[in-house]
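Down below is the structure, laid out as structure tokens.
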Number of protein chains: 2
Amino acid sequence: MEEQDEKKFVKDICRRDVDFSQWYIDVIRKAELADYAPVRGCMVIRPYGYAIWELLRDALDERIKATGHENAYFPLLIPESFLAKEAEHTEGFTPQVAWVTQGGTEVLEERLALRPTSEAIICQMYAKWIRSWRDLPVLINQWANIVRWEKVTRLFLRTTEFLWQEGHTAHRTDDEAREEALKILELYGDFMNEILAIPVYKGVKTDRERFPGALQTYTVEALMPDGRALQTGTSHNLGQHFAKVFDITYLEEDNKLHYVWQTSWGVTTRLIGALIMVHGDDAGLKLPPRVAPVQAVVVPITFEKTKEDVLAKAHALADELEVAGLRAKLDDRDEYKPGWKFNEWELRGAPLRLELGPKDVEKGVVTAVRRDTREKTAVPRDKIAAWAKDTLEAIQGDMLAAASAYLKENTKTVDNHDDFYLLFEGRPGFVRAPWCGETPCEDQIADETGATIRFIPLEPEDARGKDCAGCGGKAKVWAYFAKAY
Amino acid sequence: MEEQDEKKFVKDICRRDVDFSQWYIDVIRKAELADYAPVRGCMVIRPYGYAIWELLRDALDERIKATGHENAYFPLLIPESFLAKEAEHTEGFTPQVAWVTQGGTEVLEERLALRPTSEAIICQMYAKWIRSWRDLPVLINQWANIVRWEKVTRLFLRTTEFLWQEGHTAHRTDDEAREEALKILELYGDFMNEILAIPVYKGVKTDRERFPGALQTYTVEALMPDGRALQTGTSHNLGQHFAKVFDITYLEEDNKLHYVWQTSWGVTTRLIGALIMVHGDDAGLKLPPRVAPVQAVVVPITFEKTKEDVLAKAHALADELEVAGLRAKLDDRDEYKPGWKFNEWELRGAPLRLELGPKDVEKGVVTAVRRDTREKTAVPRDKIAAWAKDTLEAIQGDMLAAASAYLKENTKTVDNHDDFYLLFEGRPGFVRAPWCGETPCEDQIADETGATIRFIPLEPEDARGKDCAGCGGKAKVWAYFAKAY
């Protein structure tokens, strides 16, 4: 009976091995995480998807604040002349900018950009606010919506409008800025590990992949089950590039004006896409407990005679779990059968399902089912809250372990051109290979294989003595290549 | 010495009785709540201002969720054709819309509005999502940025871009929708009372002041110290107006298609403006403890000999208060003198200042000063956490009481044309007067006095037998008039 229901319910979700992209979209729409909006490339984040965003946002926000940063809010609209001040930045973003040209009935004298990122407006304000060394460091973050006119979009991963946080800091020294950028990289990595159960590589981008206007871009990179890499966050050491363009100076203790040193860094709603892909299976979403809006769903199994009693006990169970600090939910909808609910909550990725029927009540147990392993346990009723807490912790750890094993298995080392090219006829995951360090070689690899350098490790690995996997010239460092989203 | 510092420090804040508007702007800029952005009418919400916003947002969000609502996120960009669907709505908002006409290098075929409010996009999605009575009610809220091209702007009170929450609900019956709109009005009122310490009147708007497209607009109205009213939140019963235009139907249990009944409701960053005005004084901001980013600031009074000891004890004091659950801050900046800090934290409105000097240490006390009354108390060191908690509660209550007394004193009743017009030669606050119920009369009063009807009480007060304070005709109800922001 349960088997049958399941087949019926999930028939509309494409199998992952048949068409991964279709599976991804099916899960998002069936689990009601998001929907397409009428404007091309825009999405609506539905309540269940937004609840996940709130959980991950709050967890990250706490870490950002704990490291001394404050939140603020800068305007959506940026005058074109500001964006144009920094040449590299302009070139990088202008093709993606949406322009406001009319306000009410008035045609604007200067076009206004919807922020594609906020360096231009924030630097303008910093130039005004920062006066003396006493004002430094400035450690500001904002949570905001961003608009980039994308040609090819995909729900959560690349949308015309998305939500993100962007940190913008100003410092007295080069070292301090570099340390800040690296501290945030570390913070992002820990957050993804501990909260999202997503293992990531940390490294630095090549010139080709650098943020326009940055000295160095640090990156966290995850691996999706289709073998493609996903950049899940970046942290930029901006040097004095923007400071010089926007004239952000301060009076040092030496009584001279100096330019500040800056960083910027961000993660986006794309993280929800990573969560779906990294953890999901053919039954749908599988959420790590720390970002699951419903950590334990209580499903009563009711029969005519005992219905009232079982419902009351299911209610008490859900209440007890909530009091114990879990995000618990009683699914007491009358119009759906238990089997249907089981499938729906598997699709929605609730880490624990707690079934309570007359037999469970009789035996003094709750039948608990883990979403990740589908393991079924009869848990004594009086121990359920403690058991659920421990098990959610175990699930969180097991999900990270499973994803870490996958990442490790799908990171391969090759040291010659032929093996490298052969691997990229498929989607091998991350490929560690010797590289000459030259952008034209990197471009050629990208053209021929579709793979790009995702990062160079923070402690570069010396590859001298090897031949570059791309051009065959003298290699300098080991680089990590992948096809990427 | 302290006196002198104060004079020096606050010399740049205009006195309230000299120029209230200037005082308002001075406080915002000196307390670093917000700053002007380069685009006309836009503002930057600086960290201290944004911390207030976060506190009030989280407190309100908790109440919105506790009443069964979920958050979601809908797109910023709305196609012109959607906005144009509802005639009254269009007419009301089009003069204020900012238009995106270009995306990247592409000129758009259809202009896209930056949302001036989200009914048009949300209704479009509801039409798609809502199928059966099982899907109702839909209780969704969103926190978002809004753009309205305003001609005259003022920080927080009216800005081209602002932040808000907007609830959008859909129901099976007329009664349910009306109840929802009124429940939210109640929720807003309680929130403003209990969290912001701002007393408000609740009522219903006249046709003239109704939200474009609504059946009824309920409003909460506060009174500012300059005698002008400020609308601090609105809740609209939309009836089936939008449902018919956007074709939002559902299959009832009677197996027929019906239109849903809707509401929408919102409050904005304007609430920060209300906080500043209602509670502030010539020394600056005065924050109710529940939304004060710093509830208790610890200022060490140091002298060369005892500096180390006092600083260590001040640190321990701040830590102890934080552990006790207060938002405490140690101001240990070396470059500023205590008197300067006293004034700065008065300007920034911290409800409690705790001074700790060598004499306090000797006596085993902390010298506590209340921001609202400036009352100074020597509190035994071992009782300070409990005392601070109790006193913050007392301050919260006292601030509400003071504001309530002001509101009461400045609500006057008149029952004839001459007294009414005489009162409005000044700024009398709220004036309760008999009114005929006719829009042309209301228009004429507005033209002649600058006062508008802020609300009619929820339980209308019968004024038959009286003459209308405007036109002298037969009155129907008592209306509350004021000059307003």
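The values are calculated or read from the model by the stated rules, or taken from the named source; none is laboratory data. From a predicted model like this one, the values you see are computed outputs, not experimental measurements. Please note: Cβ atoms are built from the backbone with ideal geometry, for glycine as well, and neighbour counts cover all protein chains shown. Please note that ligands, DNA and RNA were not included when accessible areas were found on the heavy atoms of the full protein model with its side chains. Shrake-Rupley method; radii C 1.70, N 1.55, O 1.52, S 1.80 Å.
Output wanted: per-residue J couplings in Hz (rounded whole) for segment B:429-436, from phi through Karplus 6.51 cos²θ - 1.76 cosθ + 1.60, θ = phi - 60°, x for Gly and Pro.
Per-residue couplings from phi come out as x, 7, 10, 8, 8, x, 9, 7 Hz.
Would you mind giving the mean number of other chain beta-carbons within 10 Å of the Cβ of each residue in B:29-42, as a whole number?
If you average over the peptide's residues, the count of other-chain Cβ atoms is 4.
In segment A:264-290, which residues have a backbone nitrogen under 20 Å from the label point lying 7 Å from B:Asp58's Cα in the Cα-to-Cβ direction?
Correct set: A:290.
Please sort by residue number the trypsin sites (Lys or Arg not before Pro) in segment B:417-482 whose DSSP state is loop and whose Cβ has at most 16 other Cβ atoms within 10 Å.
B:Arg464
If each residue of separation counts as 0.36 nm, what is the full-extension length gain between A:Lys383 and A:Lys128 once their alpha-carbon separation is subtracted?
85.8 nm
Binning every alpha carbon pair distance of segment B:277-375 at 10 Å from zero, what are the percents per bin?
16, 49, 29, 5, 0
Rg(Cα) of segment A:16-142 divided by 2.2 N^0.38 Å?
Compactness ratio reported: 1.41.
Taking the Cα-to-Cβ direction at B:Lys337 and at B:Ala324 and moving 7 Å from each Cα, how far apart do the two end points lie in nm?
The answer from the label model is 3.0 nm.
Between A:Ala87 and B:Ser81, how high is the FRET efficiency from 1/(1 + (r/R0)^6) when r is the Cβ-Cβ distance and R₀ = 51 Å? Nearest 0.05.
0.85
Could you give log10 I(q)/I(0) at q = 0.12, 0.13, 0.18, 0.19 Å⁻¹ for segment B:411-482, computed by the Debye formula over C-alpha point scatterers of equal weight, without solvent?
-0.24, -0.28, -0.56, -0.63
Segment B:155-199 to segment A:150-206: how many Å between their Cα centroids?
Centre-to-centre distance over Cα atoms comes out at 35 Å.
With each run of n ≥ 4 DSSP H residues scored as -39500 (n - 2.57), what mean residue ellipticity at 222 nm is computed for chain A after dividing by its residue count and rounding to the nearest 500 deg cm²/dmol?
-11000 deg cm²/dmol
Long-range amide H contacts for B:Gly473: which residues qualify at under 5 Å (H placed 1.01 Å from N, peptide plane, sequence gap of 5 or more or a different chain)?
B:Cys468
Place +1 on the Cβ of every Lys and Arg and -1 on the Cβ of every Asp and Glu in segment B:18-279, take the dipole about the Cα centre, and give the residue among B:Leu257, B:Ser81, B:Ile45 whose Cα lies farthest towards its positive end.
Positive-end residue among those listed: B:Ile45.
For B:78-88, what's the mean count of beta carbons from other chains sitting within 10 Å of each residue's beta carbon?
1
Send over a whole-number figure in Å² for the accessible area per residue of segment B:353-470, probe 1.4 Å.
I get 50 Å² per residue for this part.
Would you list, by chain and number, the aspartates and glutamates whose Cα falls below 20 Å from the Cα of A:Lys256, excluding same-chain residues fewer than 8 positions away?
Within the straight-line cut-off, A:Lys256 pairs with A:Asp135, A:Asp174, A:Asp175, A:Glu176, A:Asp247, B:Glu335.
Starting with the highest mean, order B:31-44, A:58-71, A:263-276 by the number of other Cβ atoms within 10 Å, averaged over the residues of each peptide.
A:263-276, B:31-44, A:58-71
Can you run phi through the Karplus equation (6.51, -1.76, 1.60; θ = phi - 60°) for segment B:149-164 and list ³J(HN,Hα) in whole Hz, with x for Gly and Pro?
Each residue of segment B:149-164 in turn: 6, 8, 7, 10, 10, 8, 2, 6, 6, 7, 10, 4, 10, 9, 9, 7 Hz.
Could you list log10 I(q)/I(0) for chain A at q = 0.09, 0.11, 0.12 Å⁻¹, which the Debye formula gives when each Cα is one point scatterer?
Those come out to -0.71, -0.99, -1.12, one per q.
What does the charge count near B:Ala170 come to, summing +1 for each Lys or Arg and -1 for each Asp or Glu among other residues with Cβ under 10 Å from its Cβ?
-2
Suppose every K and R has +1 on its Cβ and every D and E has -1 on its Cβ; what is the size of the dipole of segment A:411-482 about the Cα centre, in Debye to the nearest 20?
Roughly 220 debye, rounded to the nearest 20.
If you count the DSSP beta bridges with both ends in chain A, what percent of them are antiparallel, to the nearest 5?
85
If a cysteine in chain B has no other Cys Cβ under 4.7 Å from its own Cβ, put it on the list, ordered by number.
B:Cys14, B:Cys42, B:Cys123
Out of residues 5 or more away from B:Asn141 or on other chains, whose amide H comes under 5 Å of its own, with H placed 1.01 Å from N in the peptide plane?
B:Glu70, B:Asn71, B:Ala72, B:His168
Taking all protein chains in place and a 1.4 Å probe, what share, in percent, of the accessible surface of chain A do carbon and sulfur account for?
Roughly 48 percent of what the probe reaches on chain A is carbon or sulfur.
Taking 0.36 nm per residue of separation and subtracting the Cα-Cα distance, what length does fully extending A:Glu253 through A:Ala405 add?
49.6 nm is the gain from fully extending A:Glu253 to A:Ala405.
Could you list the square roots of 5 times each eigenvalue of the Cα gyration tensor of the protein assembly as shown, that is, the equivalent ellipsoid semi-axes, sorted largest first and rounded to whole Å?
Working from the Cα gyration tensor, I get semi-axes of 47, 38, 31 Å.
Counting only residues 5 or more places away or on other chains, whose amide H sits under 5 Å from the amide H of B:Phe455 once H atoms are built in the peptide plane?
When sequence neighbours closer than 5 places are left aside, the close amide H contacts are B:Tyr480.
Need the C-alpha centroid separation for segment A:318-392 versus segment B:241-282, integer Å.
When both Cα centres are located, 36 Å separates them.
Residue by residue through segment A:108-115, which ³J(HN,Hα) values in whole Hz follow from phi under the Karplus form 6.51 cos²θ - 1.76 cosθ + 1.60 (θ = phi - 60°), with glycine and proline marked x?
Here the 3J(HN,Hα) series is 6, 6, 10, 5, 10, 7, 6, 3 Hz.
Per residue of B:45-57, how many C-beta atoms from partner chains lie within 10 Å of its own C-beta, taken as a mean?
Average per residue, whole number: 4.
What distance in nm separates the simple spin-label points at B:Asp418 and B:Glu393, each placed 7 Å from Cα in the Cβ direction?
With each label point 7 Å from Cα toward Cβ, the separation is 5.3 nm.
Regarding segment B:156-226, what are the three Cα extents along the principal axes, ordered largest first, in Å?
Ordered largest first, segment B:156-226 gives principal extents of 41, 29, 24 Å.
Need the list of lysines near A:Lys408 for cross-linking: C-alpha distance under 18 angstrom, and skip anything on the same chain fewer than eight residues off.
The reachable lysines, counting only those whose Cα sits under 18 Å from A:Lys408, are A:Lys202, A:Lys483.
Please give, to one decimal in nm, the separation of the simple spin-label points placed at A:Lys359 and A:Thr173, each 7 Å out from Cα toward the Cβ.
7.0
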